Amino acid sequence: MARIELKDVCIDLPVFGAHSRSLKNRLISAATGGRLAKEAGVTLVRALSHVTLELRPGDRVGLWGHNGAGKTTLLRVLAGAYAPTHGTVHVDGEVTSLIDLALGMEPEATGYENIALRLMMMGRNPQVARHITDEVERFSGLGEFLELPIRTYSSGMMMRLAFAISTSVEPEILLMDEWLSVGDQEFVAKAEGRLEELLTRTQILVIASHSREMLERRCNRILQLDHGTVTEEARTSPDAQAAEVIP
């Protein structure tokens with residue numbers, strides 16, 4: 001059964017050379033929303049500050065806040081991309097991350113080779129991978145282009161392939177940074193349909209967005225972040241007109 005537990009998690013990110021000019025410090029602080037500190041000549045940005053969070057099956061959690069509030073950083077912590085500077089992170093369950101769809105794609109490899117590589121990284125054995133490859137080929141609609149190196153693809157074709165691979169495996173925990181729209185109008189409709197199906201089957205969803213309205217339609221919990229700190233939690237329900245704020 002899927003479970004996520006964060007206890008007093010802090011993330012400090014180093015910014016090398018940022019201490020050399022005070023103006024640059026102020027710009028970085030404004031852009032990240034984090035606090036600046038110096039350690040051994042390296043400027044540190046506190047991207048997350050003392051976050052404690054527990055998620056169980058059925059939770060649909062929206063992360064809301066301004067640019068640099070810490071939404072994407074928190075998603076990357078849950079995905080295992082960032083280790084906490086302080087505190088503990090415990091994640092039970094298979095995680096599918098839609099934070100950066102093209103991450104790990106090899107430009108010189110063909111579409112088929114990239115499917116195989118990504119599925120290996122996702123821990124799929126060869127027998128299952130063959131079945132998934134057929135599904136990715138069908139869903140992406142790329143046909144013979146899958147035999148070409150993906151460096152020859154347009155950005156839309158690249159995103160179609162990456163999306164098809166990333167959503168080909170049913171996740172226990174689904175992480176998203178904004179609601180995705182990839183490819184042309186016809187493919188966008190297919191992609192949104194697949195995302196809606198994934199939302200009904202995944203045990204835990206965590207999605208970051210600037211749209212409070214969208215989060216209230218799809219989530220039962222909304223966390224507001226500001227300067228890396230969870231400042232407010234609201235409980236709601238899909239299509240709710242208002243959210244209950246929890247002090």
TODO: Tell me which of these VAL51 doesn't satisfy, since it passes every other one: (1) among the β-branched types (Val, Ile, Thr); (2) within 16 Å of ILE173 (Cα to Cα); (3) more than 14 Å from the chain's Cα centre (by Cα).
DONE: (2)
TODO: Answer yes if at least one residue in segment 129-152 is modelled with pLDDT under 90 and in a strand (DSSP E or B), and no otherwise.
DONE: no
TODO: Would you check if PHE139 is aromatic (Phe, Trp, Tyr), out of contact with any strand residue (DSSP E or B) (no Cβ under 7 Å at 6 or more places or on another chain), surrounded by 12 or more Cβ atoms within 10 Å (Cβ to Cβ) and closer than 16 Å to LEU98 by Cα?
DONE: no
Task: Residues within segment 153-176 that are in contact with a Phe, Trp or Tyr (Cβ under 9 Å, 6 or more places away or on another chain), part of a helix (DSSP H, G or I) and under 20 Å from LEU78 (Cα atoms), tallied - done: 1
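To keep it simple, each residue is scored yes or no on (1) within 25 Å of ARG3 (Cα to Cα); (2) not assigned by TED's automatic domain parsing to the domain that holds PRO14.
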residue	(1), (2)
ALA47	yes, no
ARG60	yes, no
TRP64	yes, no
LYS71	yes, no
ALA81	yes, no
GLY87	yes, no
LEU101	yes, yes
LEU117	no, yes
VAL128	no, yes
Open item on the list: Suppose the filter is in contact with a helix residue (DSSP H, G or I) (Cβ under 9 Å, 6 or more places away or on another chain), in the same structural domain as ARG194 (by TED's automatic domain parsing) and at positive phi; does GLY143 pass it?
Closed with: yes
Open item on the list: Under 6 Å between Cβ atoms, which residue pairs at least 6 apart in sequence (or on different chains) link something in segment 185-204 that is in a helix (DSSP H, G or I) with a partner that is acidic (Asp, Glu) and surrounded by 12 or more Cβ atoms within 10 Å (Cβ to Cβ)?
Closed with: ARG201/GLU170
Open item on the list: On the basis of being closer than 19 Å to THR202 by Cα, of a type in the set (D, E, K, R) and in contact (Cβ under 8 Å) with a residue 24 or more places away in the chain, does GLU106 make the cut?
Closed with: no
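The values are calculated or read from the model by the stated rules, or taken from the named source; none is laboratory data. Being a predicted model, the structure only gives us computed values, none of them experimental. All Cβ positions, even for glycine, are placed from backbone atoms using ideal geometry, and neighbour counts span all protein chains on display.
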